[in-house]
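Notes follow the structure.
Just so it is clear, none of the values below were taken in a lab; they were calculated from the coordinates. All values reported here derive from a predicted model rather than from experimental measurement. Note that we place each Cβ from the backbone using ideal geometry, even for glycine, and neighbour counts take in every protein chain shown.
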Amino acid sequence: MEATKVEWVSKEEAGVLLGSIQRPLSTRRVLELAKEGRLESGRTRDPNNGQTVVRIHAGSIERFLEQKRNPDPVPAPRGVREPRASQAIARRGSEIMDLVRVLRDECAIAGSARLWLTLSEAVDYSGLPQATLLEFITTGRLPALEVGRRRGGRWRIRRQDLKRLAV
C-alpha cells in the first residue's frame, strides 16, 4: 500500500495559485480564507531558520478553485459554523420576505409618494384648479410653505393638508 504524500505550500504560493497571473491574492486574504475554514492550513517549523510558518494544503486550494468555478451549494467544512443570525435568516427567509411584502403593500405612503408637493403636483393630486389652490393658500385655508424661487414654483403643500381639504 502506497503512502499518499500531502503537499503543503506557503501562503505566498497559495496566493499565486488562487489569484490570477497578473494579480495574486494577498497573504492576508489567504490567511482569512484559512481562518474561515475554506482552506486547510497548518503550522510547521521552517528548516532554514527555525521559525513557525503557516502552510496551506494544496488539495484544499484545488477544492476551493473548483467550488469557485462551479458554485454548487456545498455544506460548510467540518468545524465551521455559520453565525446564528444568518442561520435564522436562511431558515425563515421566505417568511421574512412575505412580511416585507405585506408591510410594503399596507404602508400608507408609498415609497414614491412624497410628503410635500409642488403647486402643479397639488393640482393633479386634488383635482382643483391652480387659482383655487392659490386663493386657499393666500387666505390661510390651506397651509403651505413658501420656498422662494425654485424649480416647481415657490409653494410646497403637504399631501396630508390636501387630504384634509377634500374632507
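Which ones in the stretch 27-72 are surrounded by 14 or more Cβ atoms within 10 Å (Cβ to Cβ), assigned to a helix (DSSP H, G or I) and free of Cβ contacts under 8 Å to residues at least 40 places away in the same chain?
Those that are surrounded by 14 or more Cβ atoms within 10 Å (Cβ to Cβ), assigned to a helix (DSSP H, G or I) and free of Cβ contacts under 8 Å to residues at least 40 places away in the same chain: T27, R29, V30, L31, L33, A34, S60, R63.
In the stretch 115-127, what residues are over 17 Å from R150 (Cα atoms), touching a helix residue (DSSP H, G or I) at 6+ places or on another chain (Cβ under 8 Å) and either assigned to a loop (DSSP other than H, G, I, E, B) or not hydroxyl-bearing (S, T, Y) (or both)?
L115, V123
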